[in-house]
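Reading through the structure tokens given below for one structure.
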Amino acid sequence: LHERLPIEGPEDELQKLSKTLNGMIDRLEDSFTQIQQFTSDVSHELRTSLTIIRGELDVALIRSRSEEEYKRVLLTVLEEVIYLSEMVEKFLFLSRNTSNENQIQRNLIDGTLLFQSVNKHLSSMIAKKQIELSFQIPQPFILYGDEDLLRRLFINLMENAIKYTPEGRAVEIKVYTEDKFIHIEVTDQGIGIPAEHLPFIFQRFYRVDDSRSRSQGGTGLGLSLCKWIVEAHKGIIEVRSKPDEGTRVIVTVPILNN
Ligand code: ADP
């Protein structure tokens, strides 16, 4: 073997080793910084909600209030608690799933049934905002992947489309195949995303308009989760948007991936 594979001098060996080690240290430092950033983002979110809850309860307890005032306090507290539970759920989902990208389940899934179940999950939200929902789905529509993850992906995308669209407007789901790929588009007629924000919307906790998104119950975790799910299925996710016109999210995955 030695005769066939030339061995470089000891200095080359050392140089190679130190290069490899430096590369590893850089990668470790990067993941450490990411974890630190994530932890501080999560803590910040938790603290903001807890401060609001505490403030509301403190003030409510100082003197007796009218029934109306108590109701308002309870509603604010309820909103914050819903927000916190949603964030914790997404946070757990991310930390549980992003670590083992290779272990996702892969099955043949009936896409039409999947969208029916997503639709059912969002039905009260759709009815409340009187969203005109339409589907253009070819038959058969078969996806290959992890059913739970794909359901979460489309729930997140449709939730955003509904959340950031004014009452009574339309949201369209269009599915079509092209070569060996399947495209799934979610298009809304909502507030849109200004161009300068587009490069950042897949980052964890990134929100275009903090106050507006927060009042809508947004955590800024949804799209980062979507990106992870699409990439785990060897696909890509793109967003095209125009402020005040609407947003189109396009998910492209291989028809059958191994
Ligand atoms: P959030 O939980 O805040 O909705 P996401 O990660 O899902 O977080 O989205 C990040 C940000 O991108 C949102 O806060 C919102 O500002 C913007 N966004 C996402 N989807 C849409 C959409 N369909 N229309 C307008 N803005 C959107």
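Filtered by the rule that a residue be of a type in the set (A, V, I, L, M), modelled with pLDDT under 85 and in a helix (DSSP H, G or I), segment 3-37 gives a lone residue, I35. Using the structure shown, decide if S64 is among the small types (G, A, S) and in a helix (DSSP H, G or I). In short, no.
Looking at segment 246-258, is at least one residue surrounded by 20 or more Cβ atoms within 10 Å (Cβ to Cβ), in a loop (DSSP other than H, G, I, E, B), touching a Lys or Arg at 6+ places or on another chain (Cβ under 9 Å) and modelled with pLDDT under 95? No; the residues of segment 246-258 include none that is surrounded by 20 or more Cβ atoms within 10 Å (Cβ to Cβ), in a loop (DSSP other than H, G, I, E, B), touching a Lys or Arg at 6+ places or on another chain (Cβ under 9 Å) and modelled with pLDDT under 95.
Rundown of residues vs (1) surrounded by fewer than 20 Cβ atoms within 10 Å (Cβ to Cβ); (2) over 19 Å from G218 (Cβ atoms); (3) of a type in the set (D, E), yes/no style:
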position: E159; (1), (2), (3): yes, no, yes
position: G168; (1), (2), (3): yes, yes, no
position: T177; (1), (2), (3): yes, yes, no
position: I184; (1), (2), (3): no, yes, no
position: I193; (1), (2), (3): no, no, no
position: E196; (1), (2), (3): yes, no, yes
position: F202; (1), (2), (3): yes, no, no
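Does S49 satisfy being within 27 Å of V230 (Cα to Cα) and assigned to a helix (DSSP H, G or I)? Spelling it out, it is not the case that S49 is within 27 Å of V230 (Cα to Cα) and assigned to a helix (DSSP H, G or I).
The values are calculated or read from the model by the stated rules, or taken from the named source; none is laboratory data. Note that the coordinates shown come from a computational prediction; the quantities given were computed from them, not determined experimentally. Every residue, glycine among them, receives a Cβ derived from its backbone with ideal geometry; neighbour counts consider all protein chains shown.
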